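Remarks on the structure that follows.
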Amino acid sequence: QGNALESTQSEEGVTYAPNGEPRSFFWVRQKQNVTAQAYLLAILEGETENEIAQLGNTRNLPCPKDVLEECVAISYTSTAKDKNGLDVKVQGYVEVYRRKDNVATALDFRTRVDFAQKAEADAETMKKSVLDSL
């Protein structure tokens, strides 16, 4: 069975503040033979471990392509620590798109709240390119 986060493929995009602190992350992971819901919860758990998180409700997304059969998302906000131990407000989402051949693709985005507007615009561009490739 293995860990729910083990992936067959993974890609990552990170943007940094001028002081070298990461401002946003965008990961794409794929895993076979897992439900979209289970994969979503496993990733969310990993993302918010050791943080004080407020989770939204898991919601079904309209699947953007015929090859997809299960599409779910969840949004969250949390308080993380930066490298100096200071609280940083973070927001993010996880979306999982499972194809009929049982390959689930997860998009995992998180950003500092003070950088969210720019980061979300960049994430939308990356998300579109991932969905186009499914």
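The values are calculated or read from the model by the stated rules, or taken from the named source; none is laboratory data. If you're wondering where the values come from, they're calculated on a predicted model, not measured in any experiment. FYI the Cβ positions are ideal-geometry reconstructions off the backbone, even for glycines, and counts take in every protein chain you see. Quick note on the areas: whole protein, heavy atoms, side chains included, nothing else; ligands and nucleic acids left out. Shrake-Rupley method; radii C 1.70, N 1.55, O 1.52, S 1.80 Å.
See the values below:
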item: Among (i) 12, 40, 33, 12, 2; (ii) 12, 43, 29, 14, 3, 0; (iii) 12, 43, 34, 10, 1, the entry derived from the coordinates for P(r) over Cα pairs in 10 Å bins from 0, in percent; result: (iii)
item: Within straight-line cross-link reach of Lys31, lysines at Cα separation under 22 Å, skipping those fewer than 8 residues along the same chain; result: Lys65, Lys100, Lys127, Lys128
item: 20 Å Cα-Cα reach of Lys81 towards lysines, excluding residues that sit fewer than 8 places from it in its own chain; result: Lys89
item: Between helix 36-48 and the chain: long-axis angle, C-alpha atoms, 0 to 90°, nearest 10; result: 10 degrees
item: Amide hydrogen neighbours beyond the local backbone of Thr58, cut-off 5 Å, H modeled; result: none
item: Separation of the Leu55 and Ser133 label points, Cα + 7 Å toward Cβ, nm; result: 2.8 nm
item: J(HN,Hα) series, the range 109-122, from Karplus relation 6.51 cos²θ - 1.76 cosθ + 1.60, nearest Hz, glycine and proline x; result: 10, 9, 8, 5, 4, 6, 10, 4, 4, 5, 4, 5, 5, 5
item: Per residue solvent-accessible surface (Å²) - the chain, probe of 1.4 Å; result: 57 Å²
item: From phi via Karplus (6.51, -1.76, 1.60), per-residue ³J(HN,Hα) for the range 79-88 in Hz, x at Gly/Pro; result: 10, 10, 10, 7, 5, 9, x, 8, 5, 10
item: Residues with amide H under 5 Å from that of Glu70, placed H, sequence gap 5 or more; result: Arg98
item: Neighbourhood net charge (13 Å Cβ-Cβ; Lys/Arg +1, Asp/Glu -1) for Tyr76; result: -3
item: Most fluctuating residue given options Ala38, Ala106, Ala119, as computed from a GNM of the chain linking Cα atoms under 10 Å; result: Ala38
